[in-house]
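Read the structure below first, then the notes.
The values are calculated or read from the model by the stated rules, or taken from the named source; none is laboratory data. Not measured: the values here are computed from a predicted model. Every residue, glycine as well, gets a Cβ built from its backbone with ideal geometry; the counts of neighbours run over all protein chains shown. Heads up: the accessible areas ignore ligands, DNA and RNA and are worked out on the full protein's heavy atoms, side chains in. Shrake-Rupley method; radii C 1.70, N 1.55, O 1.52, S 1.80 Å.
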Amino acid sequence: MGNSKSGALSKEILEDLKSSTKYTEAELCVWYQSFLKECPTGRITKEQFEGIYASFFPDADPTEYARHVFRSFDTNADGQLDFKEYIVALHLTSGGKTLQKLEWAFALYDVDGNGTISKNEIQEIVKSIFNMIPDEDQMDLPEDENTPDKRADKIWDFFGKKENDKIAEGEFIQGVMDNKEILRLIQFDEPQKIKDKLKEKNQ
């Protein structure tokens with residue numbers, strides 16, 4: 001990452017992140033200082049990433065979900081995220097354009113990275129999402145999606161798949177774009193909580 005250990009972001013990375021995310025130069029610089037404080041090497045390990053998620057969700061267990069999110073953004077599979085990968089992860093999980101977000105969602109659900117999603121993989125991610133939903137909130141969920149298995153079945157049924165079928169990336173993205181209900185079911189949508197925590201940390 002070039003000068004990842006210095007106190008300033010390189011112009012090249014700054015410009016790249018400004019164009020690929022919605023963040024301003026000021027926000028990126030503040031986050032970079034905060035990032036370096038937590039990760040002086042300029043890189044974040046899987047364990048540190050899980051720790052950050054744990055601080056966002058003190059009343060739940062985000063470890064599994066954090067592990068999957070980390071895997072989906074560790075593009076070179078070196079077990080670490082640099083600042084750029086970290087910001088792109090933050091951007092896509094809390095904002096991001098729909099297509100980018102859905103490409104990321106596919107990578108998240110494609111647990112073994114083989115280019116297709118199985119029902120078992122949907123169950124695995126949905127279960128990790130449920131671990132982050134406090135028990136009292138789970139009680140408010142509709143009857144047909146108030147357990148990980150029910151929600152996974154509902155997603156699978158939306159795609160009209162048999163038990164051992166697979167979903168390819170194009171089919172996944174098209175299906176979600178055609179049906180907002182699937183989008184709601186596949187995501188853990190608490191970006192505001194994460195943003196608020198980040199603001200607290202940076203003040």
* To do: Go through the range 49-55 residue by residue and turn each phi into a ³J(HN,Hα) via Karplus (6.51, -1.76, 1.60, θ = phi - 60°); whole Hz please, and just put x for glycine and proline.
  => 4, 4, x, 5, 4, 4, 6
* Quote the charge dipole size of the chain about the Cα centre in Debye, to the nearest 20; the model charges only the Cβ of Lys and Arg (+1) and of Asp and Glu (-1). => 800
* Structure fact -> Taking the chain and counting helices only, DSSP H stretches of n ≥ 4 at -39,500 (n - 2.57) each over all residues, the nearest-500 ellipticity at 222 nm comes to -18500 deg cm²/dmol
* State which entries of Lys11/Lys37; Lys11/Lys166; Lys22/Lys161; Lys18/Lys150 exceed 31 angstrom in Cα-Cα distance in the structure shown. => Lys11/Lys166; Lys22/Lys161; Lys18/Lys150
* Cβ crowding within 10 Å averaged over residues, with 163-176, 110-123 ranked highest first -> 110-123, 163-176
* **Under 13 Å, Cβ to Cβ, from Leu28 - net charge with Lys/Arg +1 and Asp/Glu -1** => -1
* **Accessible surface ranking that places the most exposed of Arg43, Arg151, Arg184 first, with a 1.4 angstrom probe** => Arg184, Arg43, Arg151
* What is the sum of charges around Ile44, taking Lys and Arg as +1, Asp and Glu as -1, for the other residues whose C-beta is under 13 Å from the C-beta of Ile44? -> -3
* Asked: Can you run phi through the Karplus equation (6.51, -1.76, 1.60; θ = phi - 60°) for the range 30-35 and list ³J(HN,Hα) in whole Hz, with x for Gly and Pro?
  -> 5, 5, 5, 4, 5, 4
* **Farthest positive-ward along the chain dipole, Cα basis, beta-carbon charges - from Ile133, Pro148, Tyr86** => Tyr86
* **Approximate shape of the chain as ellipsoid semi-axes (Cα gyration tensor, √5λ), whole Å, largest first** => 31, 19, 15
* Go ahead and set up a Gaussian network model of the chain, Cα springs under 10 Å, then flag whichever of Asp16, Asp137, Asp178 fluctuates most. => Asp137
* Asked: Put +1 on the Cβ of every Lys and Arg and -1 on every Asp and Glu Cβ in the chain; which of Ser72, Ala26, Leu183 then has its Cα farthest towards the positive end of the dipole?
  -> Ala26
* **Residue-wise HN-Hα coupling along the range 116-132, computed from phi with Karplus coefficients 6.51, -1.76, 1.60 (Hz; x: Gly, Pro)** => 9, 10, 9, 5, 4, 5, 4, 4, 5, 6, 4, 4, 5, 5, 4, 4, 9
* Excluding ligands, DNA and RNA, what is the solvent-accessible area per residue of the range 1-115 at a probe of 1.4 Å, expressed in Å²? -> 47
* With every protein chain in place, the chain: carbon and sulfur % of accessible area (1.4 Å) -> 50
